[in-house]
Amino acid sequence: DQEKLLEKTKGKESEYQKILTDAKKKAGEIKARLFELVGIPKAPTFEEALKVAEYVSNITGVRPALLLAVIEQESALGKNVGQCYLADTETGQGVSVKNGGKKISRVMSPKRDVPHFLNITRETGRDPYKTLVSCPMSFGWGGAMGPAQFIPSTWNLYKDRVKAITGKAADPWNIQDSFLAAGLYLADYGAKAQT
């Protein structure tokens, strides 16, 4: 019976593997397109994120595992860079992408962060009204940007240091730049001691 069964299914394994490979490829393409639709050109795989974290560790002394844990908590390794858009630069009000454009107050601090955000989006060639940022929680302000979720005023404290290391303008939505800025931030607050 086993021999008969093997004979009947002979050649089917390669067909199955081809269908499986095609399905995985299509799923990857769909996943990549979903990230593009929410404003992320390409969310990294864990392996890609690990390589960037190891690069940052060599520069900052911050353990890759700690950096990855922080970025995972902040944005699921760059998969969620926010669900709100800034709509009013005077008040900091915005709209929620998730809730069909519902108005949200406190999307970004108009005094502390909006001016910086407008400069950052201009420098990176982004539309400030179509660039995703974090929505506010039940307290405080939203407005955090990119995979490391820096608020604009804090990003400005690190962008020149990132530029000095990479040799190019820093971009908070760029995986490598955001990981590096986060590593520098963590190192500044003692993480390079690895204790």
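The values are calculated or read from the model by the stated rules, or taken from the named source; none is laboratory data. All figures in this text were calculated on a predicted structure; none of them were measured in a lab. Neighbour counts are summed over all protein chains in view; Cβ atoms, including those assigned to glycine, are modelled from backbone coordinates with ideal geometry. To get the accessible areas, we keep the full protein, side chains included, count just its heavy atoms, and leave off ligands, DNA and RNA. Shrake-Rupley method; radii C 1.70, N 1.55, O 1.52, S 1.80 Å.
Could you sort Ser138, Ser96 by their accessible area in this structure, using a 1.4 Å probe and putting the largest first? Before the final figure, lay out each step's value.
Numbers: Ser138 110, Ser96 5 Å².
In descending accessible area the options line up as Ser138, Ser96.
Report the equivalent ellipsoid semi-axes for segment 50-182 in whole Å, largest first, defined as the square roots of five times the eigenvalues of the gyration tensor built from alpha carbon atoms.
Details: eigenvalues 135, 53, 26 Å².
Value: 26, 16, 11 Å, ordered largest first.
Place a label point 7 angstrom from the Cα of Asp188 along the Cα-to-Cβ direction, then list the residues of segment 135-149 whose backbone nitrogen is under 20 Å away. Under 20 Å, as judged by backbone N against the label point of Asp188, lie 141-149 of segment 135-149. Dividing the summed helix terms, -39500 (n - 2.57) for each DSSP H run of n ≥ 4, by the number of residues in the chain produces a 222 nm estimate of -17000 deg cm²/dmol to the nearest 500.
When the surface is traced with a 1.4 Å probe over the full set of protein chains, Asp88 keeps roughly 50 Å² accessible. In the context of the full protein assembly, Tyr85 retains an accessible surface of approximately 60 Å², using a probe radius of 1.4 Å and ignoring ligands and nucleic acids.
Between Ile59 and Lys25, take the C-beta separation as r, use R0 = 35 Å, and let me know the FRET efficiency to the nearest 0.05.
Values: r = 35 Å, r/R0 = 0.99.
FRET efficiency, Ile59 to Lys25: 0.50.
What is the ratio of the Cα radius of gyration of segment 107-188 to 2.2 N^0.38 Å, where N is its residue count, to two decimals? Ratio of Rg to 2.2 N^0.38 Å for segment 107-188: 1.03.
Can you give me the % of accessible surface on segment 43-195 that is carbon or sulfur? Probe 1.4 Å, all protein chains present, nothing else counted. Kindly include the intermediate steps, with their values, before the conclusion.
Working: 4070 of 7720 Å².
Percent of accessible area from carbon and sulfur atoms in segment 43-195: 53.
Size of the dipole of segment 76-142 about the Cα centre, Lys and Arg at +1 and Asp and Glu at -1 on the beta carbon, nothing else charged, in debye to 20?
With only Lys, Arg, Asp and Glu charged at Cβ, the dipole is about 200 debye.
In units of the compact-protein estimate 2.2 N^0.38 Å, segment 74-120 shows a Cα radius of gyration of 1.19. Once you list every other residue whose beta carbon is under 15 Å from the beta carbon of Ala170, what net charge do they have if Lys and Arg are +1 and Asp and Glu are -1? Every neighbour counted, the sum reads +2.
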